[in-house]
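The structure under discussion is supplied below as structure tokens; questions concerning it will follow.
The values are calculated or read from the model by the stated rules, or taken from the named source; none is laboratory data. Since the model is a prediction, treat every value here as computed from it, not as a measurement. Cβ: placed from backbone, ideal geometry, glycine included. Neighbour counts: every protein chain shown.
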Amino acid sequence: MPEVEDVDNAVEPGTAPSSLVLGPEMTIAQAAEQQLVLLEAVQGLATSALRLDLSNVSDLDSAAIQLLLATQRSLQDKAAELQLHQPSAVVLAALRSYGLDASLQPMSLTPTPSAPETQPQETQPCL
């Protein structure tokens with residue numbers, strides 16, 4: 001069962017927390033439950049940002065990435081932002097594998113200036 005914890009004790013009754021702790025698992029098995037929690041948080045958000053503490057996430061799949069992106073899009077529609085607080089190494093690796101950075105933005109695909117350009121070398125046939 002995934003842990004979802006309200007870490008913002010200063011919210012008024014009837015409003016969603018502005019901070020949540022998610023994990024340790026964020027996979028398709030928890031997606032429906034986590035979607036409801038995130039939807040409630042977005043709908044009841046009384047601040048300009050929703051902060052997700054992902055420091056304890058040890059298992060994450062593409063369903064979780066989709067939930068994070070959908071949450072970010074919903075928040076942008078409300079002129080609010082999604083903040084990933086202390087994403088674990090698992091979260092960062094998954095984001096990188098989908099070409100995203102820790103702010104869920106596309107990673108730069110341009111080569112760094114210090115990277116030398118390499119020319120393809122001709123290969124010699126093996127005899």
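Which of the residues that make up the stretch 44-99 are charged (D, E, K, R), closer than 18 Å to I28 by Cα and under 12 Å from the mean Cα position of the chain (by Cα)?
Listed by number, the list holds a single entry, D61.
Here is a follow-up. Output the number of residues of the stretch 43-78 satisfying the condition of being closer than 25 Å to R96 by Cβ and touching a helix residue (DSSP H, G or I) at 6+ places or on another chain (Cβ under 9 Å). Spell out the reasoning first.
The initial filter retains those residues of the stretch 43-78 that are closer than 25 Å to R96 by Cβ, namely 49-76.
Next cut, touching a helix residue (DSSP H, G or I) at 6+ places or on another chain (Cβ under 9 Å) only: 49-50, 52, 54-55, 57-68, 70-71, 74-75.
Residues meeting the conditions: 21.
Any idea which of L109, L82, L95 is at pLDDT 55 or above, outside any helix (DSSP H, G or I), of a type in the set (A, V, I, L, M) and surrounded by 10 or more Cβ atoms within 10 Å (Cβ to Cβ)? Talk me through it step by step, then tell me what you get.
On the way: L109 fails: surrounded by 10 or more Cβ atoms within 10 Å (Cβ to Cβ); L95 fails: outside any helix (DSSP H, G or I).
Every option except L82 fails the conditions.
For residues that are in a loop (DSSP other than H, G, I, E, B) and of a type outside the set (G, A, S), scanning just the stretch 15-45, find the one that is farthest from A64 (Cα to Cα). Working first, answer last.
The initial filter retains those residues of the stretch 15-45 that are in a loop (DSSP other than H, G, I, E, B), namely 15-18, 24, 27, 44-45.
Adding the requirement that they be of a type outside the set (G, A, S) leaves 15, 17, 24, 27, 45.
Numbers: T15: 24, P17: 20, P24: 12, T27: 6, L45: 20 Å.
Per the criteria, the residue is T15.
Go through the residues of the stretch 55-64 one by one and say whether even a single one is modelled with pLDDT of 95 or more, within 27 Å of M107 (Cβ to Cβ) and of a type in the set (V, I, T).
Yes, that holds for at least one residue.
Scan the stretch 45-87 residue by residue and report those that are over 13 Å from S19 (Cβ atoms) and in contact with a Gly (Cβ under 8 Å, 6 or more places away or on another chain).
If the condition is that a residue be over 13 Å from S19 (Cβ atoms) and in contact with a Gly (Cβ under 8 Å, 6 or more places away or on another chain), then N56, V57, S58 are the ones that fit.
If I ask for residues that are within 22 Å of E81 (Cβ to Cβ), in contact with a Pro (Cβ under 9 Å, 6 or more places away or on another chain) and hydroxyl-bearing (S, T, Y), which ones from the stretch 18-70 would you list?
S55
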